[in-house]
């Protein structure tokens, strides 16, 4: 057997061969010696004959150099170093070597989007556009209906890049393999599926009668929408319901609260609009809610006491789509609730947008509106952790006071609630096995061993709802010494939380860093727990109370004289004598 990297003098200088490692080519080996050696260790024939499909398969699995297809798009972050497009990869790594040495993180992906040429836009349904449920380096995705539904609310997904947010929305919208169950007591839509008799002006049928179905102010409706082909044209069914709120303002404050809950199999929206509205009014509806994948969405608003239509249509965010829907997967249910008392959300609120509090809304009206557009309960019941986290992501939370090592939060043994909202990444690099870089935000805390005792302590953030990492250091920030670290602890119920065990020394301050992964943040509780018997920090404290006092003196006097291995024989002389007595008297008081 002759390996390629000793087959020619040129190969010895430049690698194991002449062809690119990320492409199938004639001839053995490839130009990068490290990648070539890795591949040929799995398949020696790659360094003997041709660099074929098998060689490329192993290269995709093991090699982290520019141009390897398996690394994925340069415009999407991933854990491995380098990316698939050679030219763009080289440009980014020329300004940030980390991207080709450690991992292609969010900063690398952003740099690529700034300095590299983006691929030309692809159209919805293009089979080469990529999986709608996964981020990829081009616009649009291969499922036309899902693609159109996502891009109705996020146009950049079809114009620029199908990124993590687009994939997340697609997962929420496009699961049509679910089973929809109508709530108990619901009323069925009066229109039979495959007929179009309740849409006077949105998608009107040429055959009458065509009138909205009247519903009460408190109603739950189960219905179906569908599309059909008529003379080569797609005809989209739209359901319209009429609701009269003119007598609903019983407290005479000039407004009525209307909430709409909607669940559907395929992507469908509900829009509250004035009577006789046309399609152009739907995106600006006073209440607009999306439903898909059998998950219920909800929205509400304070509106004038008047007559309204509630329009149910396929699509999202008030934009009607021409997705293919039949009676089997066109099901939806809608619940309408009204109350006379109504306070506009995001007005005169008192709680902070980045804090958890038991009152609805928050003090910044614009941020409050952004959050409540996604989570209606944030403006109805309480501003919980989900509201604060979304506010931090949408509105830019300020960095916490303990964002850096130089300003740690002092904590005591026990439990301390912390926030990572607005935190930024610090240094040094995270050193636990699998993930060597702290790419998300982190906060710092300082815990000091309680006076007079030492022992084994457990420090954890078990119960955190986001992926955490933890370091424990001693020393100044300029010269930290790592004592313990944790990434995903199997001892936490959610195993992406962190836990360490520390043999704490007497009177020693420890710096604790709690970090998150890129794109993740939230609240956590840091627990510091003594898990062994507390030991006194001074040998003269014979009864382990943390204080050298008369009780210890009494014990020493009781052992006075010949007493090998006695606890009061501090100098191990075999005698408890005046030397030991002097040492105890000099240590009288609280142990350090």
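The values are calculated or read from the model by the stated rules, or taken from the named source; none is laboratory data. Treat the numbers as computed from the prediction; the structure is a model and nothing was measured. Glycine also receives a Cβ, built like all others from the backbone with ideal geometry; neighbour counts cover every protein chain displayed.
Just one residue in the set 90, 27, 34 is within 30 Å of residue 163 (Cα to Cα), out of contact with any strand residue (DSSP E or B) (no Cβ under 6 Å at 6 or more places or on another chain), surrounded by fewer than 21 Cβ atoms within 10 Å (Cβ to Cβ) and free of Cβ contacts under 8 Å to residues at least 60 places away in the same chain; that residue is 90.
Within the range 528-556, the set of residues being under 30 Å from residue 389 (Cα atoms) and buried (at least 17 other Cβ atoms within 10 Å of the Cβ) comprises 528 only. In the range 507-522, the qualifying residues are those that are surrounded by 18 or more Cβ atoms within 10 Å (Cβ to Cβ) and in contact with a strand residue (DSSP E or B) (Cβ under 7 Å, 6 or more places away or on another chain), and the one that is farthest from residue 400 (Cα to Cα) is 510. Annotation note: of 480, 556, the sole residue that is more than 29 Å from the chain's Cα centre (by Cα) and under 30 Å from residue 77 (Cα atoms) is 480.
If the condition is being out of contact with any helix residue (DSSP H, G or I) (no Cβ under 6 Å at 6 or more places or on another chain) and closer than 18 Å to residue 137 by Cα, then the range 77-101 contributes 78, 79, 85, 86, 87, 89, 90.
Results for (1) farther than 26 Å from residue 137 by Cα; (2) modelled with pLDDT under 90; (3) in contact with a helix residue (DSSP H, G or I) (Cβ under 7 Å, 6 or more places away or on another chain), shown as yes or no for each residue.
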position	(1), (2), (3)
10	yes, yes, no
18	yes, yes, no
21	no, no, yes
51	yes, no, no
57	no, no, no
60	no, no, yes
68	no, no, yes
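Here residue 464 meets the list (1) outside any strand (DSSP E or B); (2) touching a residue at least 60 places away in the same chain (Cβ under 8 Å); (3) surrounded by fewer than 19 Cβ atoms within 10 Å (Cβ to Cβ) almost entirely, failing just condition (3).
Residue 118: more than 23 Å from the chain's Cα centre (by Cα) and in a helix (DSSP H, G or I), yes or no? Against the criterion (more than 23 Å from the chain's Cα centre (by Cα) and in a helix (DSSP H, G or I)), residue 118 does not qualify.
Quick one: count up the residues across the range 559-584 that are under 60 Å from the mean Cα position of the chain (by Cα) and loosely packed, with under 13 Cβ neighbours inside 10 Å. Explain how you work it out, then say what you get.
So the first thing to find is which residues in the range 559-584 are under 60 Å from the mean Cα position of the chain (by Cα), and the list is 565-572, 583-584.
Pick out the ones that are also loosely packed, with under 13 Cβ neighbours inside 10 Å and you get 565, 571-572.
Qualifying residue count, the range 559-584: 3.
Looking across the range 394-421, the residues that are closer than 18 Å to residue 357 by Cα and either surrounded by 15 or more Cβ atoms within 10 Å (Cβ to Cβ) or under 16 Å from the mean Cα position of the chain (by Cα) (or both) come down to 395, 397, 400, 416, 418, 419, 420, 421.
Using the structure shown, decide if residue 389 is more than 30 Å from residue 227 (Cα to Cα), buried (at least 22 other Cβ atoms within 10 Å of the Cβ) and touching a strand residue (DSSP E or B) at 6+ places or on another chain (Cβ under 9 Å). Answer is yes for this residue.
Applying the set (1) farther than 30 Å from residue 430 by Cα; (2) modelled with pLDDT of 85 or more; (3) surrounded by fewer than 16 Cβ atoms within 10 Å (Cβ to Cβ) to residue 126 leaves exactly one unmet item: (3). Over 28 Å from residue 83 (Cβ atoms) and outside any helix (DSSP H, G or I) - does that describe any residue in the range 159-168? No - not one qualifying residue is present in the range 159-168. The residue that is modelled with the lowest pLDDT, among those in the range 238-253 that are in a loop (DSSP other than H, G, I, E, B) and surrounded by fewer than 17 Cβ atoms within 10 Å (Cβ to Cβ), is 253.
Scanning the range 219-237 for residues that are part of a strand (DSSP E or B) and within 35 Å of the chain's Cα centre (by Cα), we see that the one that is nearest to residue 324 (Cα to Cα) is 224.
If I ask for residues that are touching a residue at least 24 places away in the same chain (Cβ under 8 Å) and surrounded by 22 or more Cβ atoms within 10 Å (Cβ to Cβ), which ones from the range 149-173 would you list? Reasoning before the result, please.
Step one: of the range 149-173, the residues touching a residue at least 24 places away in the same chain (Cβ under 8 Å) are 149-153, 158-164, 166-167, 170-173.
Listed by number, the residues that qualify are 149, 150, 151, 152, 158, 161, 162, 166, 170, 173.
In contact with a strand residue (DSSP E or B) (Cβ under 6 Å, 6 or more places away or on another chain), surrounded by 18 or more Cβ atoms within 10 Å (Cβ to Cβ), under 30 Å from residue 233 (Cα atoms) and not assigned by TED's automatic domain parsing to the domain that holds residue 421: does that describe residue 311? For residue 311, the condition - in contact with a strand residue (DSSP E or B) (Cβ under 6 Å, 6 or more places away or on another chain), surrounded by 18 or more Cβ atoms within 10 Å (Cβ to Cβ), under 30 Å from residue 233 (Cα atoms) and not assigned by TED's automatic domain parsing to the domain that holds residue 421 - is met. Among all positions in the range 212-227, there is no residue which is without any contact (Cβ under 8 Å) to a residue 40 or more places away in the chain and farther than 28 Å from residue 302 by Cα. For the structure I just gave you, tell me whether residue 157 is within 25 Å of residue 278 (Cβ to Cβ) and in contact with a helix residue (DSSP H, G or I) (Cβ under 6 Å, 6 or more places away or on another chain). Judged against the criteria, residue 157 is not a match. Considering 123, 149, 154, the condition of being outside the structural domain of residue 264 (by TED's automatic domain parsing), closer than 23 Å to residue 266 by Cβ and touching a strand residue (DSSP E or B) at 6+ places or on another chain (Cβ under 6 Å) is satisfied by 149 alone.
When each of 353, 379, 362 is tested for being within 20 Å of the chain's Cα centre (by Cα) and buried (at least 17 other Cβ atoms within 10 Å of the Cβ), the lone residue that passes is 353. Can you spot a residue in the range 159-166 that is touching a strand residue (DSSP E or B) at 6+ places or on another chain (Cβ under 6 Å) and not assigned by TED's automatic domain parsing to the domain that holds residue 518? Looking for residues that are touching a strand residue (DSSP E or B) at 6+ places or on another chain (Cβ under 6 Å) and not assigned by TED's automatic domain parsing to the domain that holds residue 518, one finds at least one in the range 159-166, hence yes.
Those strands (runs of 3 or more DSSP E) of the range 255-366 in which 3 or more residues are within 30 Å of residue 523 (Cβ to Cβ) occupy 256-264, 287-291, 297-303.
Whether any residue in the range 47-55 is closer than 30 Å to residue 157 by Cα, crowded, with 24+ Cβ neighbours inside 10 Å and in contact with a strand residue (DSSP E or B) (Cβ under 7 Å, 6 or more places away or on another chain) is what I want to check. Walk me through it before giving the result.
So the first thing to find is which residues in the range 47-55 are closer than 30 Å to residue 157 by Cα, and the list is none.
Within the range 47-55, none of the residues are closer than 30 Å to residue 157 by Cα, crowded, with 24+ Cβ neighbours inside 10 Å and in contact with a strand residue (DSSP E or B) (Cβ under 7 Å, 6 or more places away or on another chain).
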